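Heads up, the thing below is written out as structure tokens.
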Amino acid sequence: MNTLCLYYENAAARRIAVMIGSILSMSRYAECREDVSLRQYKRILLVLTEKQAVQPLAEVVQHAEPDTIWGLIVIGDNELSVQRLRRQAEMLLKRPIALSAFIPASDVTEGVIRAAETIQPPPAAVPDSDSTAWQALETFLTSHTTGVLATGWGRNIRTTPIEYVYWHKKIYLFSEGGRKFANIYRDPHVSFSVCEPFSDFSHLAGLQLSGTAQILEPQDEGYAAAAAAKGIAEERLRKMPVVLHVIEISPSEAVFLWGQFAREGKAVRQVYRFYFKLELVIQERVQYNNGYYADDRIF
């Protein structure tokens, strides 16, 4: 959904428009006097300070499409100002404001992030019978061998290009060690991405996995099976002068951008959320399907 963040004559409002637009993505920010066609946008956010009025936007907003989704973002010190400006906006537009958010001037960054998370609607669930996106995701993972592992702790952020093997719905990385292990010991939450060189938008191909990592040593359950899946013989492991540690990533979410989806009439960006058997409460509430929960496949 294309979004326009519309503001006027105020540096603070412009800053909010820039920040919230970048988080929502597929957006543009513009001062109301700029030559921007409102008909290109399904969603328009009016970004104001609490001391501004809505009326200066009157000549602009009349050019929007009738089915435009309208939102209001207010920055200031008094959250009650949202109600006043919302009433003004609804009178001006002659339609309801679908969403609104207040951003405290004392904590702009966190306020913008919370507002963006409130505004961005959750993706719609895919029918259980639609498994093409998941099949494409698995094919993409199994047809590649190298990705980038991101780990972090405080200011220590690290990205590591590394070979991997995708096996039984998990990612396995073999490594002699390094600072990435220090980050994982402190914080097991990681991100792992695989992509192809960009040629054009119709051939986008990139995948990002978010999840948790644990370290497997040779005596641990799963180590030998992961080595076999990677094609590393036990004899070779025994003869090595150093230990090959295994990083096992259990993904919680996969975001897959693939140009082929558009040719199939789907959104280019697809999201798959993982739920494992350990989550017994969820298992009781939704239909179990091959290790995952079909009702929680989100696209």
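The values are calculated or read from the model by the stated rules, or taken from the named source; none is laboratory data. Being a predicted model, the structure only gives us computed values, none of them experimental. Note: ideal-geometry Cβ built from the backbone for every residue, glycine included; neighbour counts use all protein chains shown. Keep in mind that these areas ignore ligands, DNA and RNA; they rest on the heavy atoms of the full protein, side chains included. Shrake-Rupley method; radii C 1.70, N 1.55, O 1.52, S 1.80 Å.
Of everything in the range 122-142 that is part of a loop (DSSP other than H, G, I, E, B) and surrounded by 11 or more Cβ atoms within 10 Å (Cβ to Cβ), the residue that is modelled with the highest pLDDT is Ser131. When the range 32-89 is filtered for residues that are open to solvent by 40 Å² or more (accessible area, probe 1.4 Å) and in contact with a helix residue (DSSP H, G or I) (Cβ under 6 Å, 6 or more places away or on another chain), the ones remaining, listed by number, are His63, Glu65, Asp77. For the range 233-260, the set of residues classified as open to solvent by less than 20 Å² (accessible area, probe 1.4 Å) and over 17 Å from Ala213 (Cβ atoms) consists of Phe256, Gly259, listed by residue number. Only a single criterion out of (1) of a type in the set (Val, Ile, Thr); (2) outside any strand (DSSP E or B); (3) touching a Pro at 6+ places or on another chain (Cβ under 7 Å) is not satisfied by Thr212, namely (2). With the condition kept exactly as written, say whether any residue in the range 104-120 is small (Gly, Ala, Ser), more than 30 Å from Asp77 (Cα to Cα) and not in a loop (DSSP other than H, G, I, E, B). There is no residue in the range 104-120 that is small (Gly, Ala, Ser), more than 30 Å from Asp77 (Cα to Cα) and not in a loop (DSSP other than H, G, I, E, B). Among the residues of the range 13-26, the ones that are within 17 Å of Phe102 (Cβ to Cβ), of a type in the set (A, V, I, L, M, F, W, C) and open to solvent by 40 Å² or more (accessible area, probe 1.4 Å) come to 2 in all.
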